[in-house]
Amino acid sequence: MIVKSIRENLGGMWSLLVGLRVTSINFFRPHVTVHYPRQCVPTLEGYRGHIELVPLEKDPLKSKCIACSNCVKICPTSCISLKATKPKKAAVAEGADSPAAKVPSEGKKEAPVKKAKPELQSFVLDYNYCSLCGLCVQSCPTGALEFSDDVYLAGFTRQEFVFDLLARLQRQAQKKEQ
Amino acid sequence: MIEAIPTQLIIILVGLAATMAFVGLNAILLVYLERKVAGFIHRRPGPYEVGPHGILQPFADGLKLVGKQIFTPKGADSVLFWLAPMISMAPAIVCFLVIPFGPNVLIFNTNVGLVLILAFTGINVLALCIAGWTSQNKYALVGAARGVSQSVAYEIPLLLAVLPIIFMTGTFNLYDITLGQGAWPWQWFIVYQPVAFVIFFICALAETNRAPFDLPEAESELTAGFHTEYSGMGFALFFLSEYAYMVIAACVTAVLFLGGFQGPVVSGWWWFLAKVYILLLIMIWIRWTFPRVRFDQLLNICWKWLIPLAIINLLITLLVIAL
Amino acid sequence: MKLDLRLDTSGDFYAQKFQPTKREDTLILNMGPQHPSTHGVLRILLEIDGEYIVRAEPVLGYIHRMHEKMAEVMSYPQYLPNPARTDYLHALAWGWAHVGAVERLMGLEVPERAEYIRVITCELNRINSHLLWWGAYLLDLGAFTPIMYAFDDREIIMDILQRVTGSRLTYCYYRFGGVSKDIDDRFVAETREQCTRMKERFKMYKDLVTDNYILRQRVEEIGEISVNACRKYGATGPVLRGSGQAYDVRRAEPYSVYDRFDFNIPTYDSCDAMGRYMVRMDEMQESINIIEQALDTLPQGNFIHPKAPKRAKPPAGDVYFAVEGARGKIRMHLVSDGGKSAYRLKLRAPGFSNLSLFGEVSSGTLISDAVSILGSLDLVIPEIDR
Ligand code: SF4
Ligand code: SF4
């Protein structure tokens, strides 16, 4: 009885030494973290940040959005709100023929080819409520939405996360031009 | 005679100031060391942002703690509540007076040095008790109860592990105990008394409430144990005293078992510090490796294993000495 | 000074309900809702006699978010991100339960490739969940290091999953009729690599933790739950398997393509925390086993049904779908009246049943043991409160 318990305890002691060995080996191995503000992790590919508008190929200041409100309707948290002018006759449906290549699940395109395209005036995303589900991106008939890779977001107020995506698009386009 | 007393007094006062500085410096170093070692074991850099390689991190921590609001919980006895951290800290400083750091670096040479250290470190448990009792917090109370029974239980094997050394050297004087050992590792008492060393080290871990015996403050069970309610400097003092006791434990272990300041080639305080820091590193290493033991297991280790082992060890030592 | 702990307990509703007791020498202790070892906002009322627990009672509802009600007001696709928020650690299994229920009601067929992708990602997610449990459990037991090593592995798996799902924790990846994005060769290669790596890591985990004497003392013969108690409370998953009952939804009610894979259902008869611990450790290896088989036999084809409706509108009727989550049997009972949102949706959270055991198991144990038992049940509070 006593012998057994002593043997057991000695075995236990040995297991403790094995544990110490593991930590000491790890002590000398290279670090796996990065020093954040100076370095960033390289593995952001595929990450879904907040959504952003895709510019037209011809006019980087304008988005592909045709203001069909599909994304507004599907969004579970109603965090998209957009404003558009009434359709003008003169306008040419430029965005309509760009295929929504990224959305393979698409059954039928609702792109209005004949009708004039309404002009998008503002496209506001309240990122506070976005659940990054990707439904808006999938439901967009023109492929006007995509995910940004903007992950390093921080702010002091909620208002900072109400993004005007159209203004953002234009800002980015201007930056690219410079 | 009249002249002699003031000199001694001055030495002690200067020594006290020096030990306070030493304690503070050690705490800073240990906090940094602890966090760095933890970081490296976790394969991350540890503190890195404040100062080069984060060496100013302990100062930043200290500053933060000083700046915190001092807060006494409702219903707590505020006098005792704030006395507790001081009771915890004060004896720690006294203990350093009798530790021989080097052949000439010894503030207070007394022939009961070891007794003094054992007695004064025992006061710490009173601080735990008061802190837990007066906090008016159930977690703190449970933590204090754990702390008291743990300290009381582990004092016994601690003393029993020290006794063989006393018998071998015939003195309580830490300086003489150091001189009783040679300069080379095989002349140290750890070679003659390996069992006593292991017991003493385990008890030292338990007495200083270090993991895996950190039950009084087991944060996953008791949030923070006896110092749950302390903020700002009160917490800082407990923190400081914990590290001070760690250093004391390492110092006493170095003196008793590792030849103190004696070392190969040139003896001196550098050997002492090296030994102390190696012991502290081992303590830190152990903390970041093991889970916490349970309370009854902790007492079982003490009563069922350490005390009988220590007694057997003591008897064998006595037999060998007598022969 | 008088320590007035018993009198100063006017407390809230639950504390007062809990209060009446004949004993004079006990304390009522609120563990939680903010307590390091309840991992979230679980609150446990304890009556303690010194270190011993006389009674224990979990108090729930601190993070109730009405996920079931939300299903009644949101359209089917809009509800897609919700299940992931119930159990954020095994989000994909919950998502699967939802899409599975809707697909079954609609009679929508899922392409084979999509099924395989679901199996692979869901199993990766299961490993992730178990790894986090492992780390957090050891944190409860006082070991700080394992959680860091667990996160080392978790990060890699999350990177892999992120490339296809787009998120790192609350995945919204499954769609009615498939998944939202196809996997590519790089995903396959990375997953294979990680499987090989994990096998090496398990050895280290065994050395560092599983064999550790202190850990064994903390989990062996602690919190013994008999199979009958499991039946009584409806406990499933590793808790049930740790009690020796080989019940796994993947085998018992095979869904998707799980019947094509060869895997074991680890069970342990010890009924204690160690049994549950070992079940989870073995399950991770089985998951790797499944992933490797699925990668070997990954068919080509669509990753989503080509005729998958964008706005799912299942016919009237009710349907039941169960999947095996990391914590046990996740079940969705969906009643539809043919409208665009569910008429009623019932989520069965395995954690709820598992937690119900706690009161019975923990009484008479030490506080430290209660923490160990609570950890071994692997609770995710948002899932329990829904
Ligand atoms: S990702 Fe989802 S929640 Fe976010 S805006 Fe798009 S639809 Fe709304
Ligand atoms: S779904 Fe696309 S096109 Fe329609 S409003 Fe949204 S962004 Fe614009």
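The table that follows gives values for the structure above.
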{"item": "Contacts under 9 angstrom Cβ, first residue in region C:72-93 being within 10 Å of chain A (Cβ to nearest Cβ) and of a type in the set (Ser, Thr, Tyr), partner within 16 Å of ligand 2 (Cβ to nearest atom) and in a loop (DSSP other than H, G, I, E, B), 6 or more apart", "result": "C:Ser75/A:Pro76; C:Ser75/C:Arg311; C:Tyr79/A:Pro76"}
{"item": "Residue match in region C:121-136 (condition: open to solvent by 10 Å² or more (accessible area, probe 1.4 Å) and aliphatic (A, V, I, L, M))", "result": "yes"}
{"item": "Identity of the residue in region C:143-162, among the acidic types (Asp, Glu) and more than 7 Å from chain A (Cβ to nearest Cβ), that ends up surrounded by the fewest Cβ atoms within 10 Å (Cβ to Cβ)", "result": "C:Glu155"}
{"item": "Matching option when the condition is surrounded by 15 or more Cβ atoms within 10 Å (Cβ to Cβ), part of a helix (DSSP H, G or I) and in contact with a Phe, Trp or Tyr (Cβ under 6 Å, 6 or more places away or on another chain), among B:Pro91, B:Pro100", "result": "B:Pro91"}
{"item": "Where a residue in region C:27-48 is in contact (Cβ under 8 Å) with a residue 40 or more places away in the chain and away from chain B (no Cβ under 12 Å) and its partner, wherever it lies, is surrounded by fewer than 20 Cβ atoms within 10 Å (Cβ to Cβ) and assigned to a loop (DSSP other than H, G, I, E, B), with Cβ under 8 Å and at least six apart", "result": "C:Gly40/C:Ile63; C:Val41/C:Pro33; C:Val41/C:Gln34; C:Val41/C:Tyr62; C:Val41/C:Ile63; C:Leu42/C:Pro33; C:Leu42/C:Leu60; C:Leu42/C:Tyr62"}
{"item": "All strands (runs of 3 or more DSSP E) inside region C:302-386 with 2 or more residues being in contact with a Phe, Trp or Tyr (Cβ under 6 Å, 6 or more places away or on another chain)", "result": "C:329-336"}
{"item": "Some residue of region C:317-330 being under 26 Å from the mean Cα position of the chain (by Cα) and of a type in the set (Lys, Arg)", "result": "yes"}
{"item": "Residue pairs meeting the criteria (Cβ under 8 Å; at least 6 apart or on separate chains; first open to solvent by 50 Å² or more (accessible area, probe 1.4 Å), in region B:146-170; second among the acidic types (Asp, Glu))", "result": "B:Glu155/B:Glu207"}
{"item": "Any hit, region C:163-174, residues being open to solvent by less than 20 Å² (accessible area, probe 1.4 Å) and assigned to a helix (DSSP H, G or I)", "result": "yes"}
{"item": "Restricting region A:69-87 to residues that are outside any strand (DSSP E or B) and more than 12 Å from ligand 1 (Cβ to nearest atom), the residue that is modelled with the lowest pLDDT", "result": "A:Pro87"}
{"item": "Output for region A:118-175, where each listed residue is among the aromatic types (Phe, Trp, Tyr) and away from ligand 2 (no atom under 16 Å from the Cβ)", "result": "A:Tyr129, A:Tyr152, A:Phe156, A:Phe161"}
{"item": "Sole residue being surrounded by fewer than 24 Cβ atoms within 10 Å (Cβ to Cβ), at pLDDT 85 or above, touching a strand residue (DSSP E or B) at 6+ places or on another chain (Cβ under 9 Å) and away from chain B (no Cβ under 14 Å), chosen from C:Val323, C:Val319", "result": "C:Val319"}
{"item": "Count of region C:228-265 residues which are among the polar types (S, T, N, Q) and loosely packed, with under 14 Cβ neighbours inside 10 Å", "result": "2"}
{"item": "Filtered residue count, region A:37-68, keeping only those that are open to solvent by 40 Å² or more (accessible area, probe 1.4 Å), within 14 Å of chain C (Cβ to nearest Cβ) and either free of Cβ contacts under 8 Å to residues at least 60 places away in the same chain or away from ligand 1 (no atom under 16 Å from the Cβ) (or both)", "result": "6"}
{"item": "Hits in region A:122-140 (condition: hydrophobic (A, V, I, L, M, F, W, C), open to solvent by less than 30 Å² (accessible area, probe 1.4 Å), near ligand 1 (Cβ under 8 Å from one of its atoms) and within 14 Å of chain C (Cβ to nearest Cβ))", "result": "A:Cys133, A:Leu135, A:Cys136, A:Val137"}
{"item": "Matching residues, region C:125-150, being of a type in the set (A, V, I, L, M) and touching a helix residue (DSSP H, G or I) at 6+ places or on another chain (Cβ under 6 Å)", "result": "C:Ile127, C:Leu131, C:Leu138, C:Leu139, C:Leu141, C:Ile147, C:Ala150"}
{"item": "Counted residues, region B:178-231 - those being open to solvent by less than 10 Å² (accessible area, probe 1.4 Å), among the small types (Gly, Ala, Ser) and at pLDDT below 80", "result": "4"}
{"item": "Which listed residue is farther than 25 Å from C:Leu215 by Cα and either away from ligand 1 (no atom under 16 Å from the Cβ) or part of a helix (DSSP H, G or I) (or both), from A:Thr33, A:Thr23", "result": "A:Thr33"}
{"item": "One residue from C:Leu161, C:Leu131, C:Leu139 being in contact with an Asp or Glu (Cβ under 8 Å, 6 or more places away or on another chain) and among the hydrophobic types (A, V, I, L, M, F, W, C)", "result": "C:Leu131"}
{"item": "Hey, B:Lys36 free of Cβ contacts under 8 Å to residues at least 40 places away in the same chain and surrounded by fewer than 18 Cβ atoms within 10 Å (Cβ to Cβ) or not", "result": "no"}
{"item": "Subset of region C:278-316 that is farther than 21 Å from C:Ile120 by Cα and touching a helix residue (DSSP H, G or I) at 6+ places or on another chain (Cβ under 6 Å) - its residue that is modelled with the lowest pLDDT", "result": "C:Ala312"}
{"item": "The one condition in (1) surrounded by fewer than 18 Cβ atoms within 10 Å (Cβ to Cβ); (2) within 16 Å of ligand 2 (Cβ to nearest atom) that A:Leu20 fails to fulfil", "result": "(2)"}
{"item": "Conditions (1) out of contact with any Leu (no Cβ under 8 Å at 6 or more places or on another chain); (2) open to solvent by 30 Å² or more (accessible area, probe 1.4 Å); (3) in a loop (DSSP other than H, G, I, E, B); number of the one not met by B:Val50", "result": "(1)"}
{"item": "Residue within region A:88-101 that is within 14 Å of chain C (Cβ to nearest Cβ), modelled with pLDDT under 75, within 27 Å of C:Arg168 (Cβ to Cβ) and open to solvent by less than 30 Å² (accessible area, probe 1.4 Å) present", "result": "yes"}
{"item": "Odd one out for A:Asn26 among (1) open to solvent by less than 30 Å² (accessible area, probe 1.4 Å); (2) at pLDDT below 80; (3) of a type outside the set (Gly, Ala, Ser)", "result": "(2)"}
{"item": "Hey, C:Ile288 open to solvent by less than 10 Å² (accessible area, probe 1.4 Å) and of a type in the set (A, V, I, L, M, F, W, C) or not", "result": "yes"}
{"item": "Selected residue (criterion: farthest from ligand 1 (Cβ to nearest atom)) from residues of region C:175-216 that are in a loop (DSSP other than H, G, I, E, B) and open to solvent by less than 30 Å² (accessible area, probe 1.4 Å)", "result": "C:Asn212"}
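The values are calculated or read from the model by the stated rules, or taken from the named source; none is laboratory data. Keep in mind it's a predicted model, so treat the numbers as computed, not measured. We place every Cβ from the backbone using ideal geometry, glycine too, and count neighbours over all the protein chains shown. Accessible surface is based on the protein model in full, side chains and every heavy atom, while ligands, DNA and RNA are left aside. Shrake-Rupley method; radii C 1.70, N 1.55, O 1.52, S 1.80 Å.
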